[in-house]
C-alpha cells in the first residue's frame, strides 16, 4: 500500500515535507499498525500511541483529511495513497506529534470535576439509573482532541473558544445529578467566545472516534442557560 | 551534573490510578507534589481497565469484607500476605465511596446505589454461593476512575510533568532515595527532581510478551529502576494470563463478559469449564480458566481452521445487557474482529495481562528489603499499584482486585508519606555521583555507529518470553529461556540508535524501555526456573502440585549476580484468624 506521511524534525528539516512510503501490509490492519511497521524500519518517525484499542486517546491524527485514531481506522477503508498528517491547527512539535497544551488548558478551565457543597454522607450519593443514563455519551470522552482540532471555530479562536471537547466535559458535570455548581458553570461559559463561538458546523460529531456528540451537549448547555435566565 | 533542578516535597512517578490517588492524598494535605508521567495522565493504562473494582458493599447480594478476604487469599493460592489482604478488603468499601464522591460515574441499581456484578473467584460465606462484589461503570470502570482522579488532581493543583520519562532514581550512600533524574520528551533535556520521598507507581510489564492486553507504555520502568537501585523484585514468576484476550491480537475482553452471563465453549459447543470447575464454572479464578482453555486447545478441541482458539458465547445475553453493561467490549469485538457479539461467537485465547510480582512493599507502601532476619524500609522510597508487590495478589490476582489495589495502596502510601514529611523537614544533600550515574544511562544512547535495531531485539524478547515462559512451564523450557534472555541482554550492549536528535525522540525512549524490559524478563525467567512447584499462575508441568512445605515463600530476585533469595509469606492477618493453606478447588 502507498502512504504519504508528514515529516518534520525541527533539528534537521528547514520545513515540513511529505514522505512517500510503500508498505507490504494486509489491508485488514489499522493505520497504527502501518505506522509501527514504518517505524520499525525508520526509528526516526515520531507519533504518539499506546493502548492500541481506542481508550487512551494518544494517537489522534489526520488520515486522508479526516481526524481519527490511528488504532481504530482500518487501512482497507482508505483511498491510496493514504495521507497521514498531524491533527490540524495545533503547533507541530515533530512529524505527527502536536503540542496539545492549549487543548488541555481549555479542559482544565471548565473545572471538570464533581463539585458538591453539602456535607459528604458516609455512603454513596444516590443516583437513579435514569439520572445516570444522562451521563452516557459524555463521560466516555478520551480527550484525544479529534473534535476540537477539526473545529473551524477552534482554529480561528483557539485561545478564547473552549472547543467541543471541553464543552462536552462542561456538560458532563452540568448533567450530573450529584453536581451542585450549575450556576457557576453556566456563568463561566457565558459571553461571546467560550461557548457561543460554536456555529454548529458539526465536524466534531463526524470525527469523534467514540461516537459522542459535542454539538448536542452544547445545545443542552444553551437550553440550561435559557432556563436559568427565566 | 550540570542539569536543571526542581525541588518538591514529594515525587510520584506514574500517573495511573495508584499515582494519582497518592498525589491527591498528598496535595490535599498541602504537600508540594510533582507527578512525572511519560504520557498525559489520562493515557495511563488504568484507563483500559474494564470490569470493575471489588468492594463488599453488599448492594446486590449479601457480602462482607471477610468473605472478600477469604476469596483473595484463596485466589492468591495462599501466597498473598494476609495482613495486607485484610487491610485492603477492609478499606475497599470506604475507598469506593470516596471515588464515587470524587465523581466516578458508576452504573446504578434501581435504588440509586452503585451497581455490582459477579466476577471470578468470588463467593459468599467463605466458599459458598457466587457473590456480586465488583463495582462497575459499565465496562469502562478504569477509564471512569482514572479520569475522575485526574480531575480531582486538577482541582487540588497537583504539579504535573506530562511526557517526562523517568531515567533512574537518585540515592545517597546511606541508602536514602533523593528523587529521580527524568527526561523531558519534548525537548530531550534531562531534569533532576529532588524530593524527600519518591513513589514508584509505574504499572506493569505486559510488553514482555508478544501477545498481551497491555499498552505500548507498559514496560515496567519502575520495576527496572528499583532493580538498578539494588532493590530486589518479588514473585516475578507469577505473571497473569487473562483467559479472554481477542485471539491472535490480545485486546482485552473483560471478565465482566462472563460475570454478566457469557461462557466459553470448545469446537464441539461444549461448555467445558463445567469439567474443570464444576462449582464456579466460567467464573473460576483466572489461572484456572486460562489453563483450561490452553488444555482444550492442546487436546484438539480448539475452534477455527487451526483449532487454536476458544469461543466466548455472548449472543444469548441480549442486546439490552450488551448495550448497557458491556458497551465497550461489544464495540471492541466489532472493530477488531468484525463480528457482532449479539449474533456471533467470539474467538478468544489467554493473553499476557498482569504482573503479580513487583517491588516488595509493606501495607504502607514503603519499599522493604530483607536485612538479617527481618525487613527494613528503604528511606524515602515507596511503591504502589501493579509495579508493587504488597503482596495482595500472591500467585494469582482476582479480577476486580487490581483497581482496588491501586486506589487502596496509593492512598495508604500517600498517608505514610505525609507522616514521613512531618518527620523529615529538609531535603538531604544531593548525591552528585548518583545523578551522574543516571545521566550515563542516557548518554549511552548517544553512541554512534552500526548496531542491531531496538525493534528487532524487542520482538525477539517478546517471542522468547511467550515461548519459554508462558502458561505451561518445565525445567528444560525455562532453562533454555533463561539462556536466551541473557543472550538478548548481552546483545543489548551492541544496540545503537541511528536517530540522535533530541526533540521528541521516541526511539531513544523505546531503547531505554527495552533495557527495562530485559532486566524484568531475566528476573521473571530466573524466578520461574527456580520455583519447583505449581502455584497460581506459575504452572510447572514437571512439578504439577503445590508444595507448601518447601515453597510457601516469596521469591526475591536481585540484579547483581542474578541472585535469588526468599522470605516467608505473612500468614497472620491484622485482627482475624489466619486462613491456612488448603487444596484449592472451584
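The values are calculated or read from the model by the stated rules, or taken from the named source; none is laboratory data. Quick caveat, the model's predicted, so the values are computed rather than measured. When we count neighbours, we look across all protein chains shown, and the Cβ atoms used for this are built from the backbone with ideal geometry, even at glycine.
Got at least one residue in segment B:487-495 being crowded, with 16+ Cβ neighbours inside 10 Å and within 14 Å of chain A (Cβ to nearest Cβ)? Within segment B:487-495 (the criterion being crowded, with 16+ Cβ neighbours inside 10 Å and within 14 Å of chain A (Cβ to nearest Cβ)), the answer is yes, since at least one residue qualifies. In segment A:1-72, counting only strands (runs of 3 or more DSSP E) that sit wholly within it, the ones holding 1 or more residues that are within 23 Å of residue B:248 (Cα to Cα) span A:66-69. Of the residues making up segment B:96-110, those that are in a loop (DSSP other than H, G, I, E, B) and either without any contact (Cβ under 8 Å) to a residue 24 or more places away in the chain or within 7 Å of chain A (Cβ to nearest Cβ) (or both) are B:102, B:103, B:105, B:107, B:110. In segment B:335-355, is there at least one residue being in contact with a helix residue (DSSP H, G or I) (Cβ under 9 Å, 6 or more places away or on another chain), within 21 Å of residue B:241 (Cα to Cα) and assigned to a loop (DSSP other than H, G, I, E, B)? Taking every residue of segment B:335-355 in turn, none turns out to be in contact with a helix residue (DSSP H, G or I) (Cβ under 9 Å, 6 or more places away or on another chain), within 21 Å of residue B:241 (Cα to Cα) and assigned to a loop (DSSP other than H, G, I, E, B).
For segment B:472-486, a tally of residues being surrounded by 19 or more Cβ atoms within 10 Å (Cβ to Cβ) and either in contact with a strand residue (DSSP E or B) (Cβ under 9 Å, 6 or more places away or on another chain) or within 9 Å of chain A (Cβ to nearest Cβ) (or both) returns 3. Considering segment B:442-472 alone, what residues qualify as being under 20 Å from residue B:248 (Cβ atoms) and free of Cβ contacts under 8 Å to residues at least 40 places away in the same chain? Scanning segment B:442-472 gives B:460, B:467.
Residue check: residue B:52 meets all listed conditions (1) more than 30 Å from residue B:129 (Cβ to Cβ); (2) more than 14 Å from chain A (Cβ to nearest Cβ); (3) buried (at least 21 other Cβ atoms within 10 Å of the Cβ) but one, namely (1). At least 2 residues being away from chain B (no Cβ under 14 Å) and either modelled with pLDDT of 95 or more or buried (at least 16 other Cβ atoms within 10 Å of the Cβ) (or both) is the threshold, and among the helices (runs of 4 or more DSSP H) wholly inside segment A:84-167 those reaching it are A:152-156. What number of residues within segment B:374-415 satisfy the criterion of being free of Cβ contacts under 8 Å to residues at least 40 places away in the same chain and more than 17 Å from residue B:234 (Cα to Cα)? Matching residues across segment B:374-415 total 0. For segment B:506-515, the criterion of a residue being more than 14 Å from chain A (Cβ to nearest Cβ), in contact (Cβ under 8 Å) with a residue 24 or more places away in the chain and crowded, with 16+ Cβ neighbours inside 10 Å is satisfied by at least one position. Residue pairs whose Cβ atoms lie under 8 Å apart, separated by 6 or more positions or on different chains, with the first residue in segment A:3-19 and more than 22 Å from residue A:60 (Cβ to Cβ) and the second in a strand (DSSP E or B), are A:13/A:7.
Only helices (runs of 4 or more DSSP H) whose full extent lies in segment B:235-318 are considered here, and the ones with at least 3 residues that are within 20 Å of the chain's Cα centre (by Cα) are B:286-298.
Would you confirm whether any residue within segment B:166-189 is within 11 Å of chain A (Cβ to nearest Cβ), in a strand (DSSP E or B), touching a residue at least 60 places away in the same chain (Cβ under 8 Å) and crowded, with 19+ Cβ neighbours inside 10 Å? Taking every residue of segment B:166-189 in turn, none turns out to be within 11 Å of chain A (Cβ to nearest Cβ), in a strand (DSSP E or B), touching a residue at least 60 places away in the same chain (Cβ under 8 Å) and crowded, with 19+ Cβ neighbours inside 10 Å. Checked against the criterion of being under 30 Å from residue B:337 (Cβ atoms) and out of contact with any strand residue (DSSP E or B) (no Cβ under 8 Å at 6 or more places or on another chain), the candidates A:24, A:42 yield just one match: A:24. For segment B:78-92, the count of residues that are within 14 Å of chain A (Cβ to nearest Cβ), modelled with pLDDT of 95 or more and in contact with a helix residue (DSSP H, G or I) (Cβ under 8 Å, 6 or more places away or on another chain) is at least one.
For segment B:132-159, a residue qualifies if it is more than 10 Å from chain A (Cβ to nearest Cβ) and outside any helix (DSSP H, G or I), and the qualifying residues are B:132, B:133, B:134, B:136, B:139, B:157, B:158, B:159.
Residues checked against (1) within 14 Å of chain B (Cβ to nearest Cβ); (2) buried (at least 21 other Cβ atoms within 10 Å of the Cβ):
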position: A:37; (1), (2): yes, no
position: A:56; (1), (2): yes, yes
position: A:72; (1), (2): yes, no
position: A:82; (1), (2): no, no
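Going residue by residue through segment B:157-179, is there one that turns out to be more than 25 Å from the chain's Cα centre (by Cα) and under 27 Å from residue A:119 (Cβ atoms)? There is at least one residue in segment B:157-179 that is more than 25 Å from the chain's Cα centre (by Cα) and under 27 Å from residue A:119 (Cβ atoms).
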